[in-house]
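Only one structure is covered here, and it is reproduced in the block below.
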Ligand code: GLP
């Protein structure tokens, strides 16, 4: 795991965007796993800027979003379909045929989840999965207690998550109680995993994810099992980490450049 600590949200967003752009340059038909929430907004803004100013090309990219609320139609202001359109897809040149977001309105949910998993497999698997983290340590909507081997399925949202996300709705009663989410097993199969977090309200969750024991009570700790996990955080989110994490050679590891001289500690 490589933990990179940046000064602030802007710097986190830019570093994350550099990583996505790097992978996209190396593989124009990148299969990109995408996240919602306020954390990746800066990443999307920076990628949109790179598309406009530098011609970053998404035309061959396939995307898979992590999750969607059950019961919200795609045009609902708080649906993740709408979020992704407004904050990303409307501003880049991704081919809508290659964009995948779970459908929160399907009646055959189980079949839909199986189809989603099959589509990921058919695409050749996710190359780079972007992740945020909930204050309770959830990734996507894998709430505490989710199993390591879980696949795309319906999850009941915890009270804590519904309270956290109530800020986007008129009241907590409007926050859906269920979501379709990729499983932890699904997420861990991505070639690279990029976890982003900012702000001191995420500090405990980041400490548990990076330094805590591997436990289903802190679902993000499962990324310790991943061989290419990158954690990009601001100083506030890193404030509870006890170890020196950033290394002078982080660039080489992040962008897979040859390393000369001494070796970085990337365990
Ligand atoms: C939601 C999403 C997660 C996201 C989390 C944190 O619960 N399902 O994927 O990581 O919110 O959101 P924020 O970045 O707004 O703190």
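The values are calculated or read from the model by the stated rules, or taken from the named source; none is laboratory data. The model shown is predicted, which means the values in this text are computed figures rather than measured ones. A quick note on method: Cβ atoms are made from the backbone with ideal geometry, for glycine too, and the neighbour counts reach across all protein chains shown.
Looking at region 148-163, which of the residues that are modelled with pLDDT of 95 or more and part of a loop (DSSP other than H, G, I, E, B) is nearest to residue 202 (Cα to Cα)?
It comes out as 157.
Residue pairs, Cβ under 6 Å, 6 or more apart or interchain, first in region 201-215 and in a loop (DSSP other than H, G, I, E, B), second at pLDDT 95 or above. List them.
Short answer, once both residue conditions are applied: 212/218; 212/221; 214/221; 214/224; 215/221.
Just checking, does region 19-30 include any residue being more than 16 Å from the ligand (Cβ to nearest atom), closer than 18 Å to residue 83 by Cβ and in a helix (DSSP H, G or I)?
yes
Report yes if some residue within region 44-53 is under 19 Å from the mean Cα position of the chain (by Cα), farther than 27 Å from residue 151 by Cβ and either assigned to a loop (DSSP other than H, G, I, E, B) or within 16 Å of the ligand (Cβ to nearest atom) (or both); otherwise report no.
Yes, region 44-53 contains a residue that is under 19 Å from the mean Cα position of the chain (by Cα), farther than 27 Å from residue 151 by Cβ and either assigned to a loop (DSSP other than H, G, I, E, B) or within 16 Å of the ligand (Cβ to nearest atom) (or both).
Checking residue 144 against (1) within 13 Å of the ligand (Cβ to nearest atom); (2) closer than 15 Å to residue 35 by Cβ, only one condition comes out false. Which one?
(2)
For (1) within 24 Å of residue 254 (Cβ to Cβ); (2) in contact with a strand residue (DSSP E or B) (Cβ under 7 Å, 6 or more places away or on another chain), each residue gets a yes or a no:
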residue: 148; (1), (2): no, no
residue: 156; (1), (2): no, yes
residue: 159; (1), (2): no, no
residue: 165; (1), (2): no, no
residue: 174; (1), (2): no, no
residue: 179; (1), (2): no, yes
residue: 196; (1), (2): yes, yes
residue: 203; (1), (2): yes, no
residue: 206; (1), (2): yes, yes
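Exactly one condition in (1) out of contact with any helix residue (DSSP H, G or I) (no Cβ under 9 Å at 6 or more places or on another chain); (2) in a loop (DSSP other than H, G, I, E, B) is not met by residue 102; state its number.
Checking residue 102 against (1) out of contact with any helix residue (DSSP H, G or I) (no Cβ under 9 Å at 6 or more places or on another chain); (2) in a loop (DSSP other than H, G, I, E, B), the one that fails is (1).
Does at least one position in region 183-199 carry a residue that is surrounded by 21 or more Cβ atoms within 10 Å (Cβ to Cβ), away from the ligand (no atom under 12 Å from the Cβ) and either free of Cβ contacts under 8 Å to residues at least 12 places away in the same chain or assigned to a loop (DSSP other than H, G, I, E, B) (or both)?
Yes, region 183-199 has at least one match.
Cβ-Cβ distance below 7 Å, separation of 6 or more or different chains: which pairs start in region 161-182 with a residue that is within 12 Å of the ligand (Cβ to nearest atom) and end on one that is assigned to a helix (DSSP H, G or I)?
162/172; 163/172; 166/172; 175/162; 175/165; 175/166; 180/109; 180/113
Being within 12 Å of the ligand (Cβ to nearest atom), part of a helix (DSSP H, G or I) and out of contact with any helix residue (DSSP H, G or I) (no Cβ under 9 Å at 6 or more places or on another chain) is the requirement here; does residue 97 meet it?
Considered against the rule, which asks whether it is within 12 Å of the ligand (Cβ to nearest atom), part of a helix (DSSP H, G or I) and out of contact with any helix residue (DSSP H, G or I) (no Cβ under 9 Å at 6 or more places or on another chain), residue 97 comes out as no.
Can you say whether residue 71 is over 26 Å from residue 17 (Cβ atoms), surrounded by 22 or more Cβ atoms within 10 Å (Cβ to Cβ) and in contact with a strand residue (DSSP E or B) (Cβ under 8 Å, 6 or more places away or on another chain), as far as the supplied structure shows?
So residue 71 fails the test.
In the list 38, 59, which residue meets the criterion of being surrounded by fewer than 17 Cβ atoms within 10 Å (Cβ to Cβ), at pLDDT 95 or above and under 24 Å from residue 135 (Cβ atoms)?
None of the other options fit; the residue is 38.
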